[in-house]
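Reading through the structure tokens given below for one structure.
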Amino acid sequence: MSAGPVGARARVALVLVSHSQRLAQGAVELSAQMAPGVLLLAAGGTDDGGLGTSYDRVSAAIEEALQAADGAVVLADLGSAVMTVESVLDMEDGFDGRVRLADAPFVEGAVAAAVTAHGGGDVAEVLASAEHAGGTFAVGAETPGAAEGPGTTDGEPAADGGTCAVVTLRNPLGLHARPAAVLARLVAGFDASVAINGVNGASVLELMKLGAAGGQELTVTGEGPEAADAVRAVVEAVEGGFGEV
């Protein structure tokens, strides 16, 4: 099973390897909802439909990924799946170092990597995004609160020279998975570093971890050449309600 565009060559495709065919397909389906412009390939189960991993299935999925993209990042669910992927990468000479295996949680890593790939990230950036996901929901990790700033601003200069705005979530469900992915993809398109309530605005998982509900205020800050445009775009997206109002 695959999901993603056909036609224009992408920078990075994802291959999701699981002991369960259904689990791999489900992870592809979920990630595709977050990043519809990315090629995602499921390599789950054995050749006879049982639980396990298949060298041939993994190899074929990676080959398909490299036919459509410049590189591929692979995620695997359990230890023996990792071993299967490592065997494929060791044995296949034609991959030419264009494939990287992520040390990342299967579902969270796939979602984070897909959003980064959708934003045009290269293999190293997509790999880093997947691996960073491992610490995003760590037990005891602190969730930054809203950055201190003016009560209500609209793309005004912040005290540190950046840009700051405060906007209220209008959609009743708040920053659940889909709008978080919308914001992460939006932020990734600007030459700017954007924080939303103190977390990285380009990270769908960090945005979801905020647990921001409808009616809650978000403080958006930006730094960089396109900071003002990025902050303005985030404010417009939030005020638009993500199509849910």
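What to note about this one:
- The P(r) of the chain has a tail past 26 Å containing 41 percent of all C-alpha pairs.
- The slack in the chain from Val245 to Arg98, taken as 0.36 nm per residue of separation less the alpha-carbon distance, amounts to 48.6 nm.
- Derived value for the range 48-133: Kirkwood hydrodynamic radius 13.2 Å. Basis is the mean of 1/r over every pair of different alpha-carbon atoms.
- Secondary structure note: in the chain, about 50% of the DSSP beta bridges are antiparallel.
- Over the residues of the chain, the helix contribution to mean residue ellipticity at 222 nm works out to -12500 deg cm²/dmol, using -39500 (n - 2.57) for each DSSP H run of at least 4.
- Under the criterion of Cα pairs below 8 Å and six or more residues apart, the relative contact order for the chain equals 17 percent.
- The ratio of the alpha-carbon radius of gyration of the range 1-93 to the globular-protein estimate 2.2 N^0.38 Å is 1.00.
- Summarising the label geometry, the points placed 7 Å from Cα in the beta-carbon direction at Ala213 and Asp122 lie 4.4 nm from one another.
- The range 1-90 - accessible surface per residue (Å², probe 1.4 Å): 45
- Once the gyration tensor of the Cα atoms in the range 169-229 is diagonalised, the equivalent ellipsoid follows with semi-axes of 20, 11, 9 Å, ordered largest first.
The values are calculated or read from the model by the stated rules, or taken from the named source; none is laboratory data. Note that this is a predicted model, so its numbers are computed, not measured. Quick reminder, even Gly has a Cβ in these numbers, built from the backbone with ideal geometry, and neighbours come from all protein chains shown. Ligands, DNA and RNA are stripped out before the accessible areas are found, and what is left, the full protein with its side chains, is counted by its heavy atoms. Shrake-Rupley method; radii C 1.70, N 1.55, O 1.52, S 1.80 Å.
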